[in-house]
Amino acid sequence: TTRSPVSIANNLALIGSVAANQGDYKTAGVFFREALTKLQGTSRPARRADVYFKMAEMELAQNEYAKAEKYINEAYQLSGEKSLPFVEAESHKLYGKLAAEQGDFKKSLNEYKKYDKLISSESSANGIQASIYLARAYHNLNSDSAFVFAQKAFAQIDSGRTKVGGLTFRAGFFGDYAKFYNEVAEWYITQKNDARKAFELVEAAKARVLMDKLAEAEDKLY
């Protein structure tokens, strides 16, 4: 059976992502560009945008900011042409990351605000990420709002885990966010000189990771 161009493109993009994760950006670029070629003429603009996002992330990893912006622009243009709010949201997220890495923290904050607004009704995972991005953006500006959004993220994390059904999905949930707990703990020390609060956050991260491990063990038992 002849495979569809979209299926082939998905596999090419997947191989490109593996190469990029291993630091082989030259090979990754070849596969990403081939994936885009396969997607030309198909009715899958969201898939094309996803490849552009992967290419932008690859360029960001190499500090190739102009190239990264070019690929984000390509995806953003697709969101406007085809009315793809999720693609628009992802574009603003990457614009925020690009601006932060270039040291333009005010622009980064504005982009993350747009991302947060667009995904406010989306899944809990996206909402958590939006709050984390906003917390970091405010932290870069030395604003106390960083702590407000950090606390919002922590509340979303605790709420999100209880809403995720099935042991397989619950296991590993907190592990994705443990680093952020420790990151905010450092903020409390450096900005607030509050070692007590920092200690509480580090202990909270440990406790939640332990809950993950217990859930994983229970999952294996079943």
(request) Take the Cβ-Cβ distance between Lys70 and Ala125 as r, set R0 to 30 Å, and report the resulting FRET efficiency rounded to the nearest 0.05. (result) 0.60
(request) Grab the Cα-Cα distance for Val209 and Lys197, subtract it from 0.36 nm times how many residues apart they are, and report the gain in nm with one decimal. (result) 2.5 nm
(message) Rounded to the nearest percent, how much of the accessible area of region 1-141 (1.4 Å probe, protein heavy atoms only) is carbon and sulfur?
(response) 48
(request) Return the calculated 222 nm mean residue ellipticity for the chain, to the nearest 500 deg cm²/dmol, obtained by summing -39500 (n - 2.57) across DSSP H runs with n ≥ 4 and dividing by the residue count. (result) -27000 deg cm²/dmol
(request) Output the DSSP H helices from the chain with an along-axis C-alpha extent of no less than 15 Å and a mean Kyte-Doolittle hydropathy no less than -1.0. (result) 5-21, 25-39, 45-61, 85-101, 124-140, 145-163, 178-192, 195-221
(message) Accessible area per residue for the chain in Å², computed with a 1.4 Å probe and the full protein assembly in place, what is it?
(response) 55
(message) Explain nothing, just the number: dipole magnitude of the chain about its Cα centre with +1 on each Lys and Arg Cβ and -1 on each Asp and Glu Cβ, in debye rounded to the nearest 20.
(response) 340
(request) Would you be so kind as to identify which of Ala49, Val30, Leu60 lies farthest towards the positive end of the dipole of region 22-62, taking Lys and Arg as +1 and Asp and Glu as -1 on Cβ and the Cα centre as origin? (result) Ala49
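Give me the dipole magnitude in Debye, nearest 20, for region 45-160 about the Cα centre, with unit charges on the beta carbon: positive for Lys and Arg, negative for Asp and Glu. Mind dumping the intermediate values first?
Numbers: 15 positive and 16 negative charges, 26 e Å.
It works out to roughly 120 debye.
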(request) Give the cross-link partners of Lys192 among the lysines, using a straight C-alpha distance below 24 Å as the criterion and excluding same-chain residues fewer than 8 apart. (result) Lys106, Lys152, Lys179, Lys206
(message) Given a Förster distance of 25 Å, report the FRET efficiency between Ile189 and Ala155 from their Cβ-Cβ distance, rounded to the nearest 0.05.
(response) 0.70
(request) For Rg/Rh (Cα atoms, Kirkwood Rh), several values are listed as (i) 1.01; (ii) 1.25; (iii) 1.05; flag the one computed from this structure. (result) (i)
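The values are calculated or read from the model by the stated rules, or taken from the named source; none is laboratory data. Just so you know, these numbers come straight off a predicted model, no measurement behind them. A quick note on method: Cβ atoms are made from the backbone with ideal geometry, for glycine too, and the neighbour counts reach across all protein chains shown. Surface accessibility is based on the protein's heavy atoms, side chains included, excluding ligands, DNA and RNA. Shrake-Rupley method; radii C 1.70, N 1.55, O 1.52, S 1.80 Å.
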